[in-house]
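Everything below concerns the one structure shown next.
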Amino acid sequence: MIEARLRTRISSTELESKVGKILGPQDYNALLTGPAKLLKPNGQPLVVYLPGALQAEADTPAVYATLHSLRSLRTDNRGTASGSRRITRPGSTRSRALNVPSAIIGAFDAAGAQKYCRLTAWTGQNLPQWETLRPFLQAIAHHFKTRLPDRYAVQMAEVERTFSEWVVPDTPFTTVTVNNTYPTGVHQDAGDLESGFSTLACIRRGTFTGGQLVFPKYRVAIDMQHGDLALIDAHEYHGNTAIVCACGERRNGMCDTCGAERISVVSYFRQNMTRCGSYSEEAARAATAAETRNRKRLAAQIDAADTPAEVAP
Ligand SMILES: O=C(O)CCC(=O)C(=O)O
């Protein structure tokens, strides 16, 4: 395995100018195609690239079936990672970015309007499918433990402080983001453990060009192939290049015509999961929140019914 310490290759002003943008081949000098461990200038790991490390697990039909089925879940909440600017529509209080095929599965901490920890909606409704991913996620965890034992130990210490129902058994992961065939704009991940590490696995079908995972600050990229795993510092700016399928189309979602598909599976530990109560405590919190919402909605309806209609003078 190649091991190298990188130098910063662009100024912070240039890096900032790339945030939210889709990168291209002009944004890297080195493209990793073989096993490598790259360190940042401070000696901390940036990437451990393990080509083919998940070949067997990636070819398990049930794993592919589950990951592939998630392509229908889309979100406009990925911000700069969507490769677009957030826009707030008139009359709305929420800003939205480009709608991309990206799903969060597993556990999620209390955030925004949902003031309780939970399994994400898809996960709660598809527990058997969620469980088919266990061997895949456990294989990722195994490589993480072997290649970056210090970071793994830090993450497992947080697992010890977390109710087990929120953690994928025998892994340091609570949560997984599954992306299907779209280029992420330059972004840093947020919400995952600062002192931990992230992992990105790739499953591919059909023929396409692009999709290289780029770290623009260091001008390096990885050409992720089917069954590859990269352990990555996702707090460093990263993004992946445009994906053009065999039909010649730039994709935002898999191509139903030629079948080109690039699934990236990002597994991590959500920093605030240590604050969650047990599953039943959080379910009780969710029930109370739903009751409060219903009571407020009903009160608003009663108020509206009591308001005399305006009479024209
Ligand atoms: O698909 C990729 O290569 C990058 C995915 C990613 O950066 C993310 O989901 O945050």
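The values are calculated or read from the model by the stated rules, or taken from the named source; none is laboratory data. Because the structure is a prediction, the values reported are computed rather than measured. Positions of Cβ are backbone-derived with ideal geometry, glycine not excepted, and every protein chain shown enters the neighbour counts.
Worth pointing out:
- Meets criteria (within 14 Å of the ligand (Cβ to nearest atom) and modelled with pLDDT of 95 or more) for S278: no
- Screening the candidates I302, I263 for the property of being touching a His at 6+ places or on another chain (Cβ under 8 Å) and either without any contact (Cβ under 8 Å) to a residue 12 or more places away in the chain or within 30 Å of E165 (Cα to Cα) (or both) yields one hit, I263.
- Boolean, D256 is of a type in the set (D, E) and either touching a Cys at 6+ places or on another chain (Cβ under 6 Å) or closer than 20 Å to V48 by Cα (or both): no
- A121 being free of Cβ contacts under 8 Å to residues at least 12 places away in the same chain and under 19 Å from Q271 (Cα atoms): no
- Of the strands (runs of 3 or more DSSP E) that lie entirely inside region 223-313, those containing 2 or more residues that are within 20 Å of the chain's Cα centre (by Cα) span 229-232, 261-268.
- Only residues that are at pLDDT 85 or above and away from the ligand (no atom under 16 Å from the Cβ) were counted in region 84-111, giving 4.
- Qualifying residue in region 149-159 (condition: at negative phi, within 11 Å of the ligand (Cβ to nearest atom) and out of contact with any Gly (no Cβ under 6 Å at 6 or more places or on another chain)): no
- Residue in region 181-191 that is away from the ligand (no atom under 15 Å from the Cβ), at positive phi and modelled with pLDDT of 95 or more present: no
- Scanning region 75-91 for residues that are surrounded by 14 or more Cβ atoms within 10 Å (Cβ to Cβ) and touching a residue at least 60 places away in the same chain (Cβ under 8 Å) yields a count of 7.
- Residue check, T146 free of Cβ contacts under 8 Å to residues at least 40 places away in the same chain and in contact with a Phe, Trp or Tyr (Cβ under 7 Å, 6 or more places away or on another chain): no
- Some residue of region 286-298 being surrounded by 22 or more Cβ atoms within 10 Å (Cβ to Cβ) and either under 27 Å from L133 (Cα atoms) or within 14 Å of the ligand (Cβ to nearest atom) (or both): no
- Of the residues making up region 223-262, just one is more than 11 Å from the ligand (Cβ to nearest atom), of a type in the set (A, V, I, L, M) and touching an Asp or Glu at 6+ places or on another chain (Cβ under 7 Å), namely M254.
- As a summary of the residue check, R71 satisfies the conditions (1) farther than 21 Å from Y237 by Cβ; (2) within 15 Å of the ligand (Cβ to nearest atom); (3) in contact with a helix residue (DSSP H, G or I) (Cβ under 9 Å, 6 or more places away or on another chain) except for the one numbered (3).
- The set of residues in region 14-66 being buried (at least 18 other Cβ atoms within 10 Å of the Cβ) and out of contact with any helix residue (DSSP H, G or I) (no Cβ under 9 Å at 6 or more places or on another chain) consists of I22, L23, Y28, L32, A36, L38, K40, L46, V47, Y49, P51.
- Region 193-222, subset in contact with a helix residue (DSSP H, G or I) (Cβ under 6 Å, 6 or more places away or on another chain), more than 19 Å from P61 (Cα to Cα) and in a strand (DSSP E or B), residue farthest from the ligand (Cβ to nearest atom): T199
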